[in-house]
Amino acid sequence: MKDSCKIDTLCVQAGWKPETGESRIPPIVQSTTFFYGDSQAMADLFDLKRDGFFYSRLANPTVDVLEKKVAALEGGVCGIGCASGMSAILLTAMTLCEAGDNIVTASEIYGGSFNLFSTTLPKFGIEARFFDAEAPAEEIEKLIDDKTKFVFAETVANPAIVVLDFDKISALCKKHGVLFIVDNTLATPVLCRPLDFGADIVVHSTSKYMDGHAAALGGMIVDGGKFAFKNNKRYPAFNVPDESYHGLVYADLPVAFGTKCRAQMMRDTGAIMSPQNAFLTILGSDTLALRMERHCRNAEKIAAFLEKHPKIEWVHYASLPSDKHHALAQKYLPRGTGGMMSFGIRGDAKACARFMEHLQIATQETHVADVRSCVLHPASTTHRQLTDEQLVQAGIAPNLVRLSVGIEDADDLIADLAQALEHV
Ligand SMILES: *Cc1c(COP(=O)(O)O)cnc(C)c1O
């Protein structure tokens, strides 16, 4: 199986190739520790001179299969499986930033990421500078200075459904020699591969489409492996010896970011994915390409239905020809933009609640992007801790309903939405 295979083939085949007599699907290696017969072998492991597993807080064979798989799907050189999407983003930031540094991020991002950047990272002396995804490049550029460690955005923003203008951000990052990090959770590598469009690192919540069944929490960091850390003055921590790792200089390694992330931050936090969750996510991701196809086709039909409905004020779904992100979607996500959309109900928060209570197929959930359709009213749930001003900044109107279209029959879903809208 070659990495040059199409993404549909990689979803099924990448990550695990059994030796003769081994299990056809990857085993769950439920062990904290690993046996070595001689002490030199152990010493070499600790010196990173040989590959291998020694403690499941840093790496585990089942998690390794998923890491290799997602790295292959994204076209990167190394994956790091994390306990959740949030821990993947946190570890990425910790690997790159120290007190006094800053990050530059789109404000239209997942609520948890927004909180991490706006509230938690500042407690450690790391400042987050937010930009409007649609702002012109010159405005975003003003936020970048010599303490900026990365620029962050989502391919398809959750829940604002803004499509990332890769060329705009990538050109800025290249000009300033700063890392471009993309959260590709909602697009998945089936619909878009950020590394192909100038991103340096990709992060995921695998709890969403990657698993697809809402069974396992997880996150993934993929290192593109191409960023030039060597002698880049913006990243001194990659160019001086790491005394906690016998003087290793990360910029000298073939996989600088990925190695630093695992050897330092995974070691110090243990925020790794469990073998059981990795196994479930591997199973789920086998059908990722098939599922994404259905999510897209269903959502396209539903968006077209909602757009014409008199009780709907607006629909944000980038595959709709009328959507303001349609051109970007066609450029970067030609296969479709996934199952997530948002729309505004003509009415207030109460009207939104009445509509959602009458749905019989789509359920109200604090989750998105799995096989079952679900709805959420972000202003009163996931984003309720935000001020009105922050809500507007995050692209969330008070009457915004987020709909995650599943893989049920599209006509059934449309009939359900139609009857629930009668109650508005
Ligand atoms: C859900 C989500 C996260 C956080 O992932 P968890 O696995 O819930 O920690 C991060 N980014 C995006 C875009 C998400 O949708």
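Let me understand the range 161-216 better: what is its radius of gyration from the alpha carbons, and its Dmax, in angstrom?
So, for the range 161-216, Rg and Dmax equal 12.7, 42 Å respectively.
If all Cα-Cα distances of the range 216-362 are sorted into 10 Å bins from 0 onward, what percent lands in each bin, rounded to whole numbers?
Percent of pairs per bin, in order: 9, 22, 21, 23, 16, 8, 1.
Nearest 5 is fine: what % of DSSP beta bridges in the chain come out antiparallel, could you say?
Details: 26 of 45 bridges.
Expressed as a percentage, antiparallel bridges in the chain total about 60.
Work out how much length residue 145 to residue 366 would gain on full extension: take 0.36 nm times their residue separation and subtract the Cα-Cα distance, in nm to one decimal.
Details: separation 221, 0.36 × 221 = 79.56 nm, distance 3.66 nm.
The residue 145-residue 366 span can extend by a further 75.9 nm.
Counting other beta carbons within 10 Å of each residue's own, what order do 325, 377 fall into, fewest first?
Numbers: 325 25, 377 22.
Ascending Cβ contact count within 10 Å gives the list 377, 325.
How long are the three semi-axes of the equivalent ellipsoid of the range 21-163, in whole Å, if each is the root of 5 times an eigenvalue of the C-alpha gyration tensor, listed from largest down?
Numbers: eigenvalues 269, 73, 35 Å².
Result for the range 21-163: semi-axes of 37, 19, 13 Å.
If the only charges are +1 at each Lys and Arg Cβ and -1 at each Asp and Glu Cβ, what is the size of the charge dipole of the chain around the Cα centre, to the nearest 20 debye? Display every interim value, and only then the final one.
On the way: 41 positive and 52 negative charges, 61 e Å.
Here the chain has a charge dipole of around 300 debye.
What's the extension gain from residue 390 to residue 226 if we count 0.36 nm per residue and subtract their Cα-Cα distance? Present the calculation step by step, with values, prior to reporting the outcome.
On the way: separation 164, 0.36 × 164 = 59.04 nm, distance 3.51 nm.
That pair, residue 390 and residue 226, stretches by 55.5 nm at full extension.
What whole-number distance in Å separates the alpha-carbon centres of the range 292-361 and the range 107-163?
A separation of 25 Å, based on Cα centres.
With no solvent and one point per C-alpha, what does the Debye sum give as log10 I(q)/I(0) for the range 1-81 at q = 0.12, 0.16, 0.17, 0.26 Å⁻¹?
Log10 I(q)/I(0), no solvent term: -0.42, -0.72, -0.79, -1.24.
Which of 315, 386, 376 sits closest to the plus end of the dipole of the range 310-386, meaning its Cα is farthest towards the positive end, when Lys and Arg get +1 and Asp and Glu get -1 on the C-beta?
My answer, from the dipole projection, is 315.
Whole number please: convex hull volume per residue of the Cα set in the range 47-130, in Å³? Numbers along the way, then the final one.
Values: hull volume 11.2 nm³, N = 84.
Residue-normalised Cα hull volume stands at 133 Å³.
Considering every pair of different Cα atoms, what Kirkwood radius, in Å, is found for the range 198-288? Show your work: numbers first, answer last.
On the way: mean 1/r = 0.0676 Å⁻¹.
Kirkwood radius, the range 198-288: 14.8 Å.
Quick one: Kirkwood hydrodynamic radius for the chain, alpha-carbon pairs, angstrom, one decimal? Before the final figure, lay out each step's value.
On the way: mean 1/r = 0.0451 Å⁻¹.
Roughly 22.2 Å, rounded to one decimal.
Among 185, 363, which comes first, second and so on when ranked by fewest other beta-carbon atoms within 10 Å? Before the final figure, lay out each step's value.
Details: 185 29, 363 14.
Ranked by crowding around the Cβ, least crowded first: 363, 185.
Which of 100, 339, 21 moves the most in a Gaussian network model of the chain with Cα springs under 10 Å?
21
Considering only DSSP states other than H, G, I, E and B, which trypsin sites (Lys or Arg not before Pro) in the range 117-160 qualify as loop sites with at most 16 other Cβ atoms within 10 Å? Provide the component values of the computation, followed by the final result.
Numbers: sites: 123, 129, 142, 147, 149; in loops: 142, 147.
For trypsin sites (Lys or Arg not before Pro) across the range 117-160 that sit outside H, G, I, E and B with at most 16 neighbouring Cβ atoms in 10 Å, the list reads 142, 147.
Taking all pairs of different Cα atoms in the range 286-349, averaging 1/r and flipping that mean, what Kirkwood radius in angstroms comes out?
Values: mean 1/r = 0.0808 Å⁻¹.
12.4 Å is the Kirkwood radius here.
Any idea what the dipole of the range 261-345 comes to, in debye rounded to 20, about its Cα centre with Lys/Arg Cβ at +1 and Asp/Glu Cβ at -1?
On the way: 11 positive and 7 negative charges, 22 e Å.
Taking the Cα centre of the range 261-345 as origin, the dipole is about 100 debye.
Strictly over 27 Å apart at the Cα level, which of 142/233; 68/123; 175/226; 69/233; 68/324; 147/230 would you flag in this model? Walk me through the intermediate numbers first.
On the way: 142/233 19 Å; 68/123 34 Å; 175/226 15 Å; 69/233 33 Å; 68/324 36 Å; 147/230 17 Å.
In this structure, 68/123; 69/233; 68/324 lie more than 27 Å apart at Cα.
Can you pull the semi-axes for the range 90-232, root of five times each eigenvalue of the Cα gyration tensor, sorted largest first, whole Å?
22, 17, 16
Bear in mind these aren't lab numbers, they're just calculated from the coordinates by the rules spelled out. Small disclaimer: the values here were computed from a predicted structure and weren't measured. Positions of Cβ are generated from backbone atoms using ideal geometry, with glycine treated the same way; all protein chains shown enter the neighbour counts.
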